[in-house]
Amino acid sequence: MKNNHTLRRIALIGTGIVGAVIMGYGMLVVLYSHEMTTIPVHHLLHGGMAVGAGMLAMALAASLPPRNRERSGWSIPAALAPVAGLLLMWPSKYAYLMDHPWLHLLDHLGIALCSLLAVFAAQAYVRGLGWPMLVLLVGMDAAAAGGFGVSPGNREALCSQPTIAATENTVASPGQVTPLHMLGKQLSQNLGCTACHRIGGIKGVGPTWKNLAGYPQKLADGTTVVADYPFLKKAILYPEQVHLEGFPPNAMPNSYRAMLSGPQHADEAELKAIISYINTLSDRSSPASQPPAPAASGK
């Protein structure tokens, strides 16, 4: 019996150490590979942190004195901690965190601690409930990696079949007229584009949008193409067909194709708005890189 108790203690300590190492890696990775990942992969990193935090939490919960276990008070942090973790992964924060690595580190620390608290509290509330809680947290991160819960963009200004004025390059909606490039700026933020594409000239996961439109871009096969409208459209809708030199292949998800084109987006108004915004960030903005006038598409 004594040997079994010793082996169990060693196993718990080992589990806790491994969990702490995994959780710590997930927190610190943003300091030395802050930009070398995509948003889906980054959410999977959150899932890895949850695994490490859960392992550590299970080891800590096993060391609780019996008098502190299975109390109803543990149900409160078990319910609130996952909600707090979700808030820390809010999509609109991505761009800002990508520009502030230390804040990104704190964000990861918060996500890890929320995962730790959720599993610990669940296990302390009802013995055995920690494992389902851990599976729930990892599933939540995996769902976020697949795009579930990430805003598909602000469609309120577009869902009412707006009329686009060709002469002013604007989107008209009831009571107001929004410049097309301003709508594109808002859409790019809502879609998470600015998490990977900086607008200040600094290289991120993807190429900076500053001085992208109208400028020659070197592809991985050594050829050079000018970033005109067809190129920008192809890069957004079919990123697997565009491999720029100096960037990993297939880093950009192809989910934007369904968000910005197809039967539900026959006029491609959102796509044109985003490309119009990219065009305003370039010193060589020109008709070649500007979206076609709305009149040309039948609007």
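The values are calculated or read from the model by the stated rules, or taken from the named source; none is laboratory data. All figures in this text were calculated on a predicted structure; none of them were measured in a lab. Note: ideal-geometry Cβ built from the backbone for every residue, glycine included; neighbour counts use all protein chains shown.
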Name the pairs whose Cβ atoms lie under 7 Å apart, with the first residue in region 117-142 and in a helix (DSSP H, G or I), the second acidic (Asp, Glu), and 6 or more positions between them or separate chains? TYR125/GLU70
Criterion violated by SER92 - all others in (1) at pLDDT 80 or above; (2) assigned to a helix (DSSP H, G or I) satisfied: (1)
Filter result for ALA269 (at pLDDT below 90, surrounded by 19 or more Cβ atoms within 10 Å (Cβ to Cβ) and within 27 Å of PRO179 (Cα to Cα)): yes
May I ask you to say which residue of ALA84, ALA118, ALA112, ALA144 is within 18 Å of the chain's Cα centre (by Cα), at pLDDT 85 or above and buried (at least 19 other Cβ atoms within 10 Å of the Cβ)? ALA112
Please verify whether region 178-188 includes one or more residues that are of a type outside the set (Ser, Thr, Tyr), modelled with pLDDT under 90 and part of a loop (DSSP other than H, G, I, E, B). no
When you check THR194 against the structure, is it modelled with pLDDT of 90 or more and among the β-branched types (Val, Ile, Thr), yes or no? no
Count, please, the residues in region 272-299 that happen to be among the β-branched types (Val, Ile, Thr) and modelled with pLDDT under 85. 0
